Each structure stands twice: as C-alpha cells, then as structure tokens.
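Q: Below: one structure in structure tokens.
The values are calculated or read from the model by the stated rules, or taken from the named source; none is laboratory data. The model shown is predicted, which means the values in this text are computed figures rather than measured ones. No Cβ is skipped: glycine too gets one built from the backbone with ideal geometry, and neighbour counts run over all protein chains shown. These accessible areas exclude ligands, DNA and RNA; they are computed on the full protein's heavy atoms, side chains included. Shrake-Rupley method; radii C 1.70, N 1.55, O 1.52, S 1.80 Å.
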Amino acid sequence: MGPTITRIESREFRYPLEDIGTDENGFNLVYDPGETTWRKLFGLRIETDEGTTGEYVGGNSPAAAQINMFADYLIGKNPLEREKHWSEIKRALRKYDRMGIGPIDIALWDFAGKYYDAPIHELLGTYRSDIPAYASTYHGDENGGLDSPEAFADFAEECRDMGYPGYKIHGWGGADASRDIEREIASIHAVGDRVGDEMDLMFDPACEYETFADALKVGRALDENGFFWYEDPYRDGGISQHAHGKLGEKLETPILQTEHVRGLEPHTDFIASGATDFVRADPEYDAGITGAMKIVRVAEGFGLDVEFHAPGPAQRHCIAATRNTNYYELALVHPDCQNTQPPVYDCEYSDMIDTVDDNGRVTIPAGPGLGVDYDWEYIEENTTGSVHVYE
C-alpha cells in the first residue's frame, strides 16, 4: 500500500527585516535605516505513518487559505502519488490561482527524497551540481542606499568583485517610476558603462510603467547597453501576451515574462504566441516542483530557456535538473542591509549575498529531500497564532 499521510500542519510565523521599509505606496521593500519590516511566512509539515515528514518553509496568506480548502483530501493518501494529487488539487482550485499547490507539492517532494534517501534533483534527474548566480537588487530608495544611478553602478562593481557574473536592477517604485523615467534610464547607462563589458545585466521594473512609451524608452536604453533581458515593465501585471509581443518587436533586448501568470497552460500560451523570449518559473508560484518542471519541459520543446524566480532550496533542485537555464536569482541584495532570507535554516544553507563562491556560483543541497534542516524551534517561538492542523 505504501506510506500514508496522517497529519498536516501549517504554521504562520514572522521574522524581522532590519533597516528595511517600503516605498511611498507601501508595496516595494526598500532600504530605510532604523525601520523594521516584519515578514510572515508559513512552516509546513506533512507527517506520515512511516515516521518521515515532508517539510517546506515559505508561502503566503493566500496560499495558506487555499491549502485550507484541500488539505483534508490528502489525509490518508499516499504521499508518493504526487502527480495524481497535483491533478486533483489543480481541478479543485480551478476558480483560483492555485498558489496553494506549491508549498504542499514541495513538501511532498521533500518527503519523497527522504523516503528514498536521495536529494530531489536526483529523483528529477541531475544535470548540474552548481549554477552561476546574479545579484538581484532591492528597489531604488531615497534613503542613502540605492538612491541614484551612481549608487546602482557602485554596487554593481561590488557584486562583480565578489564574483557575480550577472546583476539585475530593480528601479524606483510608486509614482517615481513613471514621474522620473529619466532616472531609470540613467541607472541603465551608469551600470552599463561601469560593468557592461564584464557582467550580464538584467532590468526589472516590476510592472511599474504606466505607458507603452515609457516601456519603449527604457527598452531602447537597454538595447544601447546590451542588457541580457527586460522583465515585467507594464502595469498590466505581466500578463498581456499582445503587449509584450508588441514590445518585443520593437526591441533587441530579450523579454522575460510569465512570473505573474499561474500554471502550465498560460506559460505555454505565452511561449506559443511569441510573447516572451525567456520563460519565468517558480516552484512556489507555479504549483510546486511538479508544476515548475512541466514548464521547463514545455520551454525546452520550444527551444527556450527557463529562468527561475527567487532564491531557495526548491529552486536550486529544479535548476540542478534543468539543462535549459542560465542563472540563479540571489535576491534581494543591497550594499547596506540583509537579504530577505528568513532565519530558519539550522544548517549551512544560505541565500545571503556572500553565498556565492569566487566564480559567482552556488551549489545544490546534497542531503535527502530539499537537503536543508529547518529550525522549528525558531518557527514555533515566532508563531503569529495562526496554526492549522489537518488529521
């Protein structure tokens, strides 16, 4: 009969981000000396009658709400039947964005790795043991950090000297993004002039631009500096195939989309319509490791590369099993404050800025499952009070 799921626990906890606040609209994280932002995540445990527990820490409140809709279905089921569970839950969440599948699927993969005493990438089929990383910055601020084109260029040099072969700019947010488009363009030129011959450069406005004209102006500056890709410029939220296809026709810089469309089919449609050049995937956003690897195979069939969003052990395992990918996103980094990584790893795993080796590469966890040990004592001590148990 195989193993059986006996209990699932989803525990919300919080942790502080020191010297980090938000921009004027309150959405983008930015450097802000003296401010503390409290971030909330979820610790997920899937217990079985084998005594082995699948674990994952991440997710968000909307995902947790969706888990609450289907977790009871998994009780009594075989945790190794991931594909069947993926399909059933996908249908059950057909009216929603299916974000809840990701954390559960990753935890099921963690269980499988522990059950078979193998890292997840080995179960998927290992292609690589390390990957070059790019330094992905916090958004621009007005607080003495990344507050000017020169500051972005100075930090690019720091990252280059640490070994990073790539660098991604997140520009200014809120009204500044459209009011002061010239500052965005100046940052592109400053960074391009300073390190463009030595690093692959990326640019991500995070859907801030309000007009096609602004997106085109910035894109032409990227062309002039030979940027590696251009990501999510529009206020459409990154979901319009027509808009990004039209923008791509006007520019030489490759477009990277699909971070904000959910699941296999919308990714496939984006690719088939020619609306993106690189394909974005994320095991937490795109229905788990199962969903993310389906996107990898579709992109491979179209001859395109997949670039995984955000850092994390699940991303590293997916990358280890993917031929058609180039970089690991080490995010968010800044010269004066910490990454957003939660202090939950009771092992050597890290996504802090100094994680890369001298060649700017990160390794893949080698232990069973995700290959990380979580500090459940810290998670429990910082629980917000929101704990859901299914059994």
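Q: Spin-label point model (7 Å from Cα, Cβ direction): what's the Asp72 to Asp375 distance in nm?
A: 3.7
Q: Roughly what angle does helix 101-116 make with the longest principal axis of the chain, taking Cα atoms, 0 to 90 degrees, to the nearest 10?
A: 60
Q: How far is helix 82-92 tilted, in degrees, relative to the longest principal axis of the Cα atoms in the chain, given as a value from 0 to 90 rounded to the nearest 10?
A: That helix lies at roughly 70 degrees to the long axis.
Q: Keeping all protein chains in position, work out how much accessible area Glu12 exposes to a 1.4 Å probe, and write it in Å² to the nearest 10.
A: Only protein atoms counted, so the area is about 20 Å².
Q: How much length, in nm to one decimal, is gained on full extension between Asp269 and Asp354, taken as 0.36 nm per residue of separation minus their Cα-Cα distance?
A: Details: separation 85, 0.36 × 85 = 30.60 nm, distance 3.78 nm.
Residue separation times 0.36 nm, minus the Cα-Cα distance, leaves 26.8 nm.
Q: Something else now. Hey, can you find the accessible area per residue of the chain for me, probe 1.4 Å, expressed in square angstrom? Don't jump to the answer; show the numbers that get you there.
A: On the way: 15220 Å² over 391 residues.
Each residue of the chain exposes 39 Å² on average to a 1.4 Å probe.
Q: In addition: Cβ neighbours within 10 Å, averaged per peptide: list 104-111, 124-131, 295-302 in order, most packed at the top. Walk me through the intermediate numbers first.
A: Values: 104-111: 27.6, 124-131: 14.9, 295-302: 18.2.
With the highest mean Cβ count within 10 Å placed first, the list reads 104-111, 295-302, 124-131.
Q: Run the simple label-point estimate for Glu158 and Thr4 please: 7 Å along Cα→C-beta, distance reported in nm.
A: If labels sit at Glu158 and Thr4, their model points lie 5.5 nm apart.
Q: If you don't mind, another one. Only residues of the range 344-371 count here: report those whose backbone N is under 11 Å from the spot 7 Å along Cα→Cβ of Asp130, or say none.
A: Under 11 Å, as judged by backbone N against the label point of Asp130, lie 356-364 of the range 344-371.
Q: In the structure shown, do any of Lys168/Lys217; Lys217/Lys250; Lys77/Lys114; Lys40/Lys77; Lys40/Lys84; Lys40/Lys95 have a Cα-Cα gap over 21 Å, and if so which?
A: Numbers: Lys168/Lys217 18 Å; Lys217/Lys250 11 Å; Lys77/Lys114 17 Å; Lys40/Lys77 29 Å; Lys40/Lys84 30 Å; Lys40/Lys95 25 Å.
The answer is Lys40/Lys77; Lys40/Lys84; Lys40/Lys95.
Q: Related question: Using the Karplus curve 6.51 cos²θ - 1.76 cosθ + 1.60 with θ = phi - 60°, what ³J(HN,Hα) values do you get for each residue of the range 307-316, in whole Hz, with x for Gly and Pro?
A: 10, 6, 7, 6, x, x, x, 5, 4, 5
Q: Students often check this: by mean Cβ neighbours within 10 Å, which of 250-262, 148-160, 27-39, 275-287 ranks highest, and how do the rest follow? Please report the intermediate quantities before stating the final value.
A: Values: 250-262: 21.2, 148-160: 19.4, 27-39: 16.5, 275-287: 25.2.
With the highest mean Cβ count within 10 Å placed first, the list reads 275-287, 250-262, 148-160, 27-39.
Q: Just subtract the alpha-carbon distance of Cys347 and Ala366 from 0.36 nm times their residue separation and send over the number in nm, one decimal.
A: Details: separation 19, 0.36 × 19 = 6.84 nm, distance 1.22 nm.
Here the answer is 5.6 nm.
Q: Using the Cα centre of the range 4-144 as origin and beta-carbon charges of +1 (Lys, Arg) and -1 (Asp, Glu), tell me which of Pro119, Tyr138, Ile104 is placed farthest towards the positive end of the dipole.
A: In the range 4-144, that residue is Ile104.
Q: List residues of the range 190-205, by number, whose backbone nitrogen lies under 19 Å from a label position 7 Å along Cα→C-beta of Asp223.
A: Residues 190, 192-193, 201-205 fall inside that zone.
Q: If amide H atoms are built 1.01 Å from N in the plane of the peptide, which residues on other chains or at least 5 residues away come under 5 Å of the amide H of Lys77?
A: Sorted by chain and number, the residues that satisfy this are Ile5.
Q: Additional query: Ignoring everything except DSSP H segments at least 4 long, calculate the 222 nm mean residue ellipticity for the chain; use -39,500 (n - 2.57) per segment, divide by total residues, nearest 500.
A: Values: 13 runs with 140 residues, N = 391.
Helix-only estimate at 222 nm: -11000 deg cm²/dmol.
Q: Please report, in debye to the nearest 20, how large the charge dipole of the range 240-391 is about its Cα centre when each Lys and Arg carries +1 at its beta carbon and each Asp and Glu carries -1 there. If you can, show how the numbers build up before the last one.
A: Details: 9 positive and 26 negative charges, 178 e Å.
So the dipole magnitude of the range 240-391 works out to roughly 860 debye.
Q: While we're looking at this one, here's another question. Could you estimate the translational diffusion coefficient of the range 56-133 from the Stokes-Einstein equation, with Rh from the Kirkwood formula over C-alpha pairs, at 20 °C and 1.002 mPa s, in whole µm²/s? List each step's numbers first, then the result.
A: Details: Rh = 13.8 Å.
Rounded, D is 156 µm²/s.
Q: Which angle from 0 to 90°, rounded to the nearest 10, does the C-alpha axis of helix 181-195 make with the longest principal axis of the chain?
A: Once rounded, the angle reads 90 degrees.
Q: For the range 62-76, what does the Karplus curve 6.51 cos²θ - 1.76 cosθ + 1.60, with θ = phi - 60°, yield as ³J(HN,Hα) per residue in whole Hz, taken in order and with x for Gly and Pro?
A: Ordered by residue, 3J(HN,Hα) equals x, 5, 4, 5, 5, 4, 4, 7, 10, 4, 4, 4, 6, 5, x Hz.
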